[in-house]
Every structure is written in C-alpha cells, then in structure tokens.
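One structure is given here, and the rest of the page talks about it.
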Amino acid sequence: MVERKPLVAGNWKMNGLRADGLALARGIAERARQRHACELLVCPPATLIAAVGDALAGSGVALGGQDCHAEPKGAFTGGISAEMLQDAGCSHAIVGHSERRHTCGETDADVRAKTLAAWRAGLVAIVCVGETRLEREAGGALAVVAAQLAGSLPDGASADKLVVAYEPVWAIGTGLTPTLRDVAEMHSFIRHQLASRYGEAGQGVRVLYGGSVKPANAKEVLAAENVDGALVGGASLVAGQFLAIAGACRP
Ligand code: PGA
C-alpha cells in the first residue's frame, strides 16, 4: 500500500488586501510550527503571492496559485502563466475550480491544457472536479465526475505532479456537505478511475475533499475512506480555523 500524506490546502479565492492577507499568512506560519500529520498549502490571490511567500518562509507551508493560463507567455491580457507562478515561489496551482468552470466557462479541455501548463512549469496541479446539485439529484454524480476526470487529466500523472480535489458544487460555500457515505463512495470511485488510468503511478495521487470543510466537520470528513486531505475555502481565511482543520488529520 502506498502511503499518502494528507494535504490541507487553503483557497483564499478573491479575498485579501495586503494588510489582512499578510496578517493571515503570519498567523498560519506561526501556528504551522507545531507538527501536523499533513502537508499545508496556501493559495492566495495572485496579487499577494510574493508577499505571502515571504511571510511563510521557513514555516514549511507551501504556496500555490488559484489558476494558471495554458500558455507560458504572450498577449493574454490579465493572464498569469504557470511559469509566472513558479517564478513567484509557487509549487502548486489549482486548476478547474468549479467557480472557473461555471463562471468563466472553462471546459475539461481548458483544464487539461492548464494541467499540462502546470506540469511544464514544474508545479503540482490540483485538478478540481465535482457535480452540481441537479446532476446529483438526477443520479449522475459519478458519471459527471468520470467525464471530468477523463477530459481534464492528461496522461503521465504521478503523485508528485497531480492532486485531485472532489468538490461538489452545491457544497461550496453553502455550509452543506454530502453524507460521509457519499464522500467515501465518490472518493473510492475516483481512486478506481486513477488506478485504471495510471496504474501504479496513480496510487500516490491524493484525492482531497472540498466544500464547506470547517473545524466542526473536519475530523469525520478527513477520516472518511480514501480522503487524503481537504481543499478549504471560507475556513482558510481564519488562521485558527485552517490549522484546526489541519490538526484534525489522522496521524
Ligand atoms: P468552501 O470552499 O470551503 O468555502 O466551501 C471550498 C472551495 O471552493 O475550494
């Protein structure tokens, strides 16, 4: 059996001006000095990556971007390439978050291109998948996620390049979470998909759960079968809550 060390990742989304972002990063860096049974990652808005990277220096907390452009450079106004993230100190990039799939119209093919871009720049891609409420109610959650994985994941993945985040769209920012049974079912389904796609190379790829993870539910969510950590939105904006979630990882 391959060991998968849990990863707890904070996605700050479009939150944080310099002063509060730095205060949050310092609070996380300070608390991260205690030993945790997981790896920690913070994904601030692009404007704060460099400053947050400085604040996190020496803390062992990794730094990531929330998105990247598929191209390395060029005339793409407003775009930020994976190479730029890497250059700013990032080791990870979230790609295909549902807020980008649904509000920016990103397709599986776009997400696949961004994943390849992250790899090209030496970053770990955190590829997000997840069904909408209507899709779940129609009984299509597994099929939707299978199609997203098939379309979004390039060949050649391994544990040091890929993390998958299962984030049911209806659970993001709503306070709603799937039952533990549904979480375990989806995570074991994703594990099977990774195994049949990548064989042994996929065994170490971590599958995170995301969607309203809070200190109050972290312990049970993180203990669910095949859950290898969490992608945390709202609760990652409070250092104490983010670290409480990290502290809930099984040793
Ligand atoms: P949430 O967001 O924890 O605020 O639900 C999770 C996410 O979108 O990654």
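The values are calculated or read from the model by the stated rules, or taken from the named source; none is laboratory data. Computed from a prediction, not measured in an experiment: that's the story for all the values here. Glycine gets a Cβ as well: all are built from the backbone with ideal geometry, and neighbour counts include every protein chain shown. Just the protein is used for accessible areas: all its heavy atoms, side chains included, with ligands, DNA and RNA removed. Shrake-Rupley method; radii C 1.70, N 1.55, O 1.52, S 1.80 Å.
Report, by residue number, each residue of region 53-69 that is within 12 Å of L123 (Cα to Cα) and aliphatic (A, V, I, L, M).
The answer is A62, L63.
Among what's in region 85-99 and is open to solvent by 30 Å² or more (accessible area, probe 1.4 Å) and either among the hydrophobic types (A, V, I, L, M, F, W, C) or touching a residue at least 60 places away in the same chain (Cβ under 8 Å) (or both), pick the residue that is farthest from the ligand (Cβ to nearest atom).
Just the residues of region 85-99 that are open to solvent by 30 Å² or more (accessible area, probe 1.4 Å), to begin with: 86-89, 91, 99.
Those left that are additionally either among the hydrophobic types (A, V, I, L, M, F, W, C) or touching a residue at least 60 places away in the same chain (Cβ under 8 Å) (or both): 88, 99.
Values: A88: 21, E99: 7 Å.
Filtering first and then ranking leaves A88.
Conditions first: (1) open to solvent by 50 Å² or more (accessible area, probe 1.4 Å); (2) over 22 Å from K161 (Cα atoms); (3) assigned to a loop (DSSP other than H, G, I, E, B). G16 passes all but one, so which condition is the exception?
(1)
Is it fair to say V145 is in contact with an Asp or Glu (Cβ under 7 Å, 6 or more places away or on another chain) and within 16 Å of the ligand (Cβ to nearest atom)? Steps first, please.
Numbers: in contact with an Asp or Glu (Cβ under 7 Å, 6 or more places away or on another chain): yes; within 16 Å of the ligand (Cβ to nearest atom): yes.
When the stated conditions are applied, V145 passes them.
Which one is farthest from V205 (Cα to Cα) among residues in region 124-154 that are outside any helix (DSSP H, G or I) and without any contact (Cβ under 8 Å) to a residue 12 or more places away in the chain? Talk me through it step by step, then tell me what you get.
Narrowing region 124-154 to residues outside any helix (DSSP H, G or I): 124-132, 138-140, 153-154.
Within this subset, residues satisfying the condition of being without any contact (Cβ under 8 Å) to a residue 12 or more places away in the chain are 138-140.
Numbers: A138: 29, G139: 27, G140: 24 Å.
Only one residue tops the list, namely A138.
Confirm whether E135 is within 16 Å of the ligand (Cβ to nearest atom), of a type in the set (D, E) and out of contact with any Leu (no Cβ under 9 Å at 6 or more places or on another chain).
no
If a residue has to be open to solvent by 20 Å² or more (accessible area, probe 1.4 Å) and β-branched (V, I, T) to count, how many in region 190-241 make the cut?
Selection size over region 190-241: 1.
In region 137-173, how many residues are open to solvent by 10 Å² or more (accessible area, probe 1.4 Å) and β-branched (V, I, T)?
Number of matching residues: 3.
Within region 31-42, work out how many residues are at pLDDT below 95 and open to solvent by 20 Å² or more (accessible area, probe 1.4 Å).
6
State which residue is nearest to L123 (Cα to Cα) when the search covers only region 43-52 and only residues that are open to solvent by less than 20 Å² (accessible area, probe 1.4 Å) and assigned to a helix (DSSP H, G or I).
I49
Of everything in region 100-111, what is assigned to a helix (DSSP H, G or I) and surrounded by fewer than 20 Cβ atoms within 10 Å (Cβ to Cβ)? Give them in sequence order.
R100, H102, T103, D108, A109, D110
For region 58-79, which positions are open to solvent by less than 60 Å² (accessible area, probe 1.4 Å) and β-branched (V, I, T)?
V61 - this is the single residue of region 58-79 that is open to solvent by less than 60 Å² (accessible area, probe 1.4 Å) and β-branched (V, I, T).
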